[in-house]
Amino acid sequence: MLTSGWKAVSMVDVHGKVTFTLWLCGCNLKCPFCHNWRIAERRGCFELPRDAMLEELSSHSFLIDYFHVTGGEPLMQWRELKGLLEDVKPLADVSLNTNLTIVRPLEELLRFDLVDHIATDIKAPPQELYGLPKNASEKLWGIFLRGLEVISEYDLPLELRIPVPKKFDVLPWIEEALRHVNTNFYVVLNPLVGKPLTNPRDDHWCSQHCWPDEEEVSKIENRLKSLGIKVFINRWVTE
Ligand code: SF4
């Protein structure tokens with residue numbers, strides 16, 4: 001399977017947890033704010049040296065809460081990922097970061113009890129944040145909502161991340177998504193950052209919609225807190 005590498009001990013990939021993080025290449029979305037677009041486009045990727053990685057995981061497993069798989073979109077390589085997780089599970093609990101638009105393969109991993117924690121984003125409005133044509137984005141949003149229900153059916157703990165763009169009314173989308181969540185979750189708000197701090201896929205889009213105002217972030221934070229949801233704000237996310 002194609003990877004861009006791994007990090008044996010990371011404190012920044014899952015809120016409040018220590019992870020062994022593996023980045024897998026390829027993605028079905030084209031988010032304009034994406035800072036991992038080279039991984040998403042498989043640039044600089046290489047075949048995972050599976051035995052070497054498992055050996056390193058084994059020697060670090062006492063230090064970590066999760067083996068965290070991210071990307072890119074890990075479920076693009078779900079068959080290979082399934083085989084890898086079968087070898088990982090005896091060593092560590094598994095956390096999967098997915099855009100939640102490839103749901104049948106996800107169900108396959110869950111059915112085999114290969115995932116213990118999920119992280120996903122509410123990318124809203126999807127017509128803007130998915131970076132795809134309107135029809136495709138709306139269809140994928142429907143699949144995303146179904147994905148939230150699947151995670152709830154399996155009662156998996158969920159880190160619900162919300163990239164906060166500038167100048168879009170995202171609350172109706174967030175509230176729609178939350179109606180499909182019925183599992184233990186918290187929210188991490190990620191105000192979108194652009195240049196000079198990061199190198200997003202689409203500079204022009206980011207010049208219009210990155211760096212939201214404080215009030216835009218607070219509005220979402222306050223609404224979520226009024227619903228009794230635990231909210232964290234991450235000021236310098238560079239996904
Ligand atoms: S932000 Fe995530 S889902 Fe979007 S293109 Fe980048 S890797 Fe894919």
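List of remarks:
- Count - residues of segment 198-235 that are away from the ligand (no atom under 16 Å from the Cβ) and free of Cβ contacts under 8 Å to residues at least 60 places away in the same chain: 26
- Within the set Val115, Val188, Val150, the sole residue that is in a strand (DSSP E or B) and either polar (S, T, N, Q) or buried (at least 17 other Cβ atoms within 10 Å of the Cβ) (or both) turns out to be Val188.
- Screening segment 39-58 for residues that are open to solvent by 30 Å² or more (accessible area, probe 1.4 Å) and within 21 Å of Ala136 (Cβ to Cβ) and picking the one that is nearest to the ligand (Cβ to nearest atom) gives Glu41.
- Cβ-Cβ under 9 Å pairs, at least 6 apart or on other chains, segment 70-85 side within 11 Å of the ligand (Cβ to nearest atom), far side among the basic types (Lys, Arg): Gly72/Arg42
- The condition (being under 20 Å from Pro32 (Cα atoms), in a loop (DSSP other than H, G, I, E, B) and touching a Phe, Trp or Tyr at 6+ places or on another chain (Cβ under 6 Å)) is satisfied by just one residue among Pro200, Pro196, Pro212: Pro200.
- Conditions (1) more than 16 Å from Cys31 (Cβ to Cβ); (2) open to solvent by less than 70 Å² (accessible area, probe 1.4 Å); (3) not acidic (Asp, Glu): number failed by Leu197: (2)
- Scope segment 74-91; condition open to solvent by less than 10 Å² (accessible area, probe 1.4 Å) and among the hydrophobic types (A, V, I, L, M, F, W, C); matching residues: Leu75, Leu81, Leu84, Leu85, Val88
- From Glu128, Glu108, Glu138, residue being open to solvent by 60 Å² or more (accessible area, probe 1.4 Å), part of a helix (DSSP H, G or I) and without any contact (Cβ under 8 Å) to a residue 40 or more places away in the chain: Glu138
- Test: Tyr154 is away from the ligand (no atom under 16 Å from the Cβ) and aromatic (Phe, Trp, Tyr): yes
- Residues of segment 13-42 classified as in contact with a strand residue (DSSP E or B) (Cβ under 9 Å, 6 or more places away or on another chain) and hydrophobic (A, V, I, L, M, F, W, C), total: 10
- Taking the criterion of being open to solvent by 30 Å² or more (accessible area, probe 1.4 Å), within 28 Å of Glu138 (Cα to Cα) and more than 8 Å from the ligand (Cβ to nearest atom), the residues of segment 14-38 that qualify are Trp23, Arg38.
For every residue, the table says whether it meets (1) of a type in the set (Val, Ile, Thr); (2) in contact with a helix residue (DSSP H, G or I) (Cβ under 6 Å, 6 or more places away or on another chain); (3) away from the ligand (no atom under 16 Å from the Cβ).
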site: Ile102; (1), (2), (3): yes, yes, no
site: Ala124; (1), (2), (3): no, yes, no
site: Arg146; (1), (2), (3): no, yes, yes
site: Val170; (1), (2), (3): yes, no, no
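- In a residue-by-residue description of segment 157-166, the property of being in a helix (DSSP H, G or I) and either open to solvent by 10 Å² or more (accessible area, probe 1.4 Å) or over 17 Å from Phe33 (Cβ atoms) (or both) applies to no position.
The values are calculated or read from the model by the stated rules, or taken from the named source; none is laboratory data. All values derive from a computational prediction rather than experimental measurement. Methodologically, a virtual Cβ is constructed for each residue, glycine included, from the backbone with ideal geometry; neighbour enumeration extends over all protein chains shown. Please note that ligands, DNA and RNA were not included when accessible areas were found on the heavy atoms of the full protein model with its side chains. Shrake-Rupley method; radii C 1.70, N 1.55, O 1.52, S 1.80 Å.
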